[in-house]
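The values are calculated or read from the model by the stated rules, or taken from the named source; none is laboratory data. Quick caveat: nothing in here was measured; it's all calculated off a predicted structure. Because the Cβ atoms are built from the backbone with ideal geometry, glycine has one as well, and the counts that use them run over all protein chains shown. Surface areas here come from the heavy atoms of the whole protein model, side chains and all, with no ligands, DNA or RNA. Shrake-Rupley method; radii C 1.70, N 1.55, O 1.52, S 1.80 Å.
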Amino acid sequence: APRVLSGIQPTADSFHLGNLLGALRQWVALQDDHEAFYCVVDLHAITVEQDPAVLRRRTLVSAAQLLALGVDPERSALFVQSHVPEHAQLGWVMQCLTGFGEASRMTQFKDKSTREGAGPTSVGLFTYPVLQAADILLYQAARVPVGEDQRQHLELTRDLATRFNSRYGPTFTMPEPYIPQGTAKVLDLQSPDKKMSKSLPDAGCINLLDDARATAKKIRSAVTDTGREVVADPVGKPGVTNLLTIHSAFSGQSVAELEQHFAGSGYGDLKKEVAAVVTEALAPVQARTAELLADTAELERVLAAGAARARGVAAPTLATVYERVGFLPPL
Ligand code: AQP
């Protein structure tokens, strides 16, 4: 089966709806016909300052949410990035293949380093997409399920794979981004001109682990648009369109069907239904996450097994790379 790789940062107490609809649902679906490698990318997390105890806790909470959402450790390798040292090792080789100007063109770096309250910018934040390339190439992944904001990083990964392959001989599989239709960029409920993000004020971000009342309140307070008709119009009505998209993603009804359904009703009715479908879908995920966190020993065993499986693939790739670039093998 073709391989798939993706990662998510343990940098919040909960994943959010953007993470879920942009990426994590595809993680779960792709397990059916792919050999999947999914990791909690703690090396990426420290590109901005983290409290050590909080980072450790969030790494476990992240793994628990992934299992609760349906990542199946029998079929897929679920692991923590730092448990597989080959990521950092291949990351270095990739850095030496990346042009400074090339790295400077990454728009996410520009956004994150100039963001209000960002603090001092680390070199790690600058080279983060290069480490991400290593994450993907180590597993010879054919597909990478991510949201729209990662498209440019995937392009860089492909450029680096092409460069390595032409300089040293065919080594890496060329990865394709796997970006969903419709939900590739879930918008912030308070600022529907921006993607939903943990770094914006919490009121615009639906966290998977928020309780039902908090979620309903955030949806009730979502910024809508002038006018009163519930119709999709990404330019004129981004807020309403975003709510329709979210409804559709959970209810399975198409946006066109929903427009019909809401003909003659107002934004308030739309919000009420969106809150209902979202909270209903999240309740079992929250219950399962809590259960998994009640016994972290079991969770840690799952992660250890996942790391062992990941290393089984990552180590031979790294050995080939080391040999090709001319490193003297140790006796
Ligand atoms: N709003 C979004 N819509 C669709 N997909 C999204 N993703 C993130 N936000 C949206 C996708 O989620 C996956 C994991 O993302 P990450 O671990 O890289 O976290 P992030 O992108 O740093 O998440 P945030 O909340 O957006 O963080 P900040 O505020 O730090 O930028 C990725 O596949 C991503 O595309």
Residue within the range 171-193 that is at pLDDT below 95, within 17 Å of the chain's Cα centre (by Cα) and farther than 29 Å from Glu49 by Cβ present: yes
Qualifying residue in the range 112-124 (condition: within 28 Å of Leu209 (Cα to Cα), surrounded by fewer than 17 Cβ atoms within 10 Å (Cβ to Cβ), out of contact with any Gly (no Cβ under 6 Å at 6 or more places or on another chain) and basic (Lys, Arg)): yes
Test for Arg163: is it basic (Lys, Arg) and either under 25 Å from Asp33 (Cα atoms) or within 14 Å of the ligand (Cβ to nearest atom) (or both): no
Residue within the range 109-126 that is modelled with pLDDT of 95 or more, under 23 Å from Gly326 (Cα atoms) and out of contact with any Lys or Arg (no Cβ under 9 Å at 6 or more places or on another chain) present: no
Filter result for Gln181 (surrounded by fewer than 18 Cβ atoms within 10 Å (Cβ to Cβ) and either assigned to a helix (DSSP H, G or I) or within 16 Å of the ligand (Cβ to nearest atom) (or both)): yes
All positions within the range 211-224 that are open to solvent by 30 Å² or more (accessible area, probe 1.4 Å), in contact (Cβ under 8 Å) with a residue 12 or more places away in the chain and touching a strand residue (DSSP E or B) at 6+ places or on another chain (Cβ under 9 Å): Thr224
Candidate set from the range 194-209 (those that are open to solvent by 80 Å² or more (accessible area, probe 1.4 Å) and part of a loop (DSSP other than H, G, I, E, B)); member that is farthest from Thr11 (Cα to Cα): Lys194
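For the range 1-120, which fully contained helices (runs of 4 or more DSSP H) count at least 2 residues that are away from the ligand (no atom under 12 Å from the Cβ) and not polar (S, T, N, Q)?
Helices (runs of 4 or more DSSP H) meeting the threshold: 25-30, 52-69, 86-95, 100-104.
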Within the range 133-171, considering residues that are in a loop (DSSP other than H, G, I, E, B) and touching a residue at least 40 places away in the same chain (Cβ under 8 Å), the one most open to solvent (accessible area, probe 1.4 Å): Gln140
Single condition Ala263 does not satisfy, out of (1) among the small types (Gly, Ala, Ser); (2) over 26 Å from Asp211 (Cα atoms); (3) open to solvent by less than 60 Å² (accessible area, probe 1.4 Å): (3)
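Tell me which residues, restricted to the range 225-238, are touching a Lys or Arg at 6+ places or on another chain (Cβ under 8 Å) and either modelled with pLDDT of 95 or more or outside any loop (DSSP other than H, G, I, E, B) (or both).
Val231, the sole residue that qualifies.
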Hey, Ala310 among the hydrophobic types (A, V, I, L, M, F, W, C) and more than 20 Å from Ile246 (Cα to Cα) or not: yes
